[in-house]
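Peer 1: Questions regarding the structure given below will be posed in turn.
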């Protein structure tokens, strides 16, 4: 089901929408600044760098030539982007799991920062046709940004193990897979992306999927 409305489509491609996204992610930047002022934590610093990067990229992003007009695609993008807020604090985890979780989260945030920088002005929120990026981590998997988000949530589940969090993680992974497919459908309007898919066969996990 797609919305046939030129005004909405123009808005989603506009600088105004980019500015709103920049402001929205800027709010998270403010949250992490407040957390750092209360006490330094390395992960909070990484989150601050990550959100500053995302905010800036939204501000300078190139207007997509094609953007998904399917509300379901928008909903999936919204849910996956903010799914971290749905996880709950669970039972105390074992020390080895806590250490593993911290390592995974740090790695994933760094991966997200690197991926965002590679995307540069092609960074976007909704499935849209932008410049095809094939360098660095994009030579390994097609969706390193989504992979980093999944790894972060895996780390959180290891820190807060519970049946609810595990079930939510599974649901989030499924939604990220759907989001990746929606994006690939839009990006496939570009022949170079079709060729890219043939060369890089894995979405999230090298050699597996």
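A short reminder: the numbers here are calculations on the coordinates, not readings from a lab. Note that the structure is predicted; figures quoted are calculated from it, not measured. Positions of Cβ are generated from backbone atoms using ideal geometry, with glycine treated the same way; all protein chains shown enter the neighbour counts.
Peer 1: At a Förster distance of 30 Å, what's the computed FRET efficiency of residue 170 paired with residue 6, Cβ-Cβ distance as r, to 0.05?
Peer 2: Working: r = 39 Å, r/R0 = 1.29.
Between residue 170 and residue 6 the formula returns 0.20.
Peer 1: Would you mind ranking 18, 162, 55 by Cβ crowding within 10 Å, fewest neighbours first? Intermediate values should be presented prior to the final figure.
Peer 2: Details: 18 21, 162 14, 55 18.
Neighbour counts put them in this order, fewest first: 162, 55, 18.
Peer 1: Label 7 Å along Cα→Cβ of residue 190; segment 107-134 residues with amide nitrogen under 19 Å?
Peer 2: Residues 114-134 fall inside that zone.
Peer 1: Among (i) 57, 39, 30; (ii) 51, 39, 33; (iii) 69, 42, 38, only one was calculated for this model; which label is it, if the read-out is Cα extents along the principal axes in Å?
Peer 2: (ii)
Peer 1: Right, next: Going by C-beta contacts inside 10 Å, put 60, 152 in order with the fewest on the left. The partial results should precede the final answer.
Peer 2: Details: 60 12, 152 22.
Exposure proxy ranking, most exposed first: 60, 152.
Peer 1: Sorted by average packing, counted as other Cβ atoms within 10 angstrom per residue and highest first, what order do 163-175, 111-123 take?
Peer 2: Values: 163-175: 14.9, 111-123: 18.0.
Descending mean neighbour count gives 111-123, 163-175.
Peer 1: Over the chain, what is the mean sequence separation of C-alpha contacts under 8 Å (at least six apart), divided by residue count, expressed as relative contact order in percent?
Peer 2: Numbers: 254 pairs, mean separation 51.3, N = 209.
So the answer I get is 25 percent.
Peer 1: Using 12 Å as the cut-off for backbone N distance, which residues of segment 73-99 belong to the label zone defined by a point 7 Å from the Cα of residue 178 along Cα→Cβ?
Peer 2: 73-80, by backbone N distance to the label point.
Peer 1: Ok, one more. Would you order 76, 103 from fewest to most other beta-carbon atoms within 10 Å of each residue's own beta-carbon?
Peer 2: On the way: 76 23, 103 12.
The fewest-first ordering by Cβ neighbours comes to 103, 76.
Peer 1: If I take R0 = 22 Å and measure r between the Cβ atoms of residue 40 and residue 75 in this structure, what FRET efficiency does the formula 1/(1 + (r/R0)^6) give, to the nearest 0.05?
Peer 2: Numbers: r = 37 Å, r/R0 = 1.68.
FRET efficiency, residue 40 to residue 75: 0.05.
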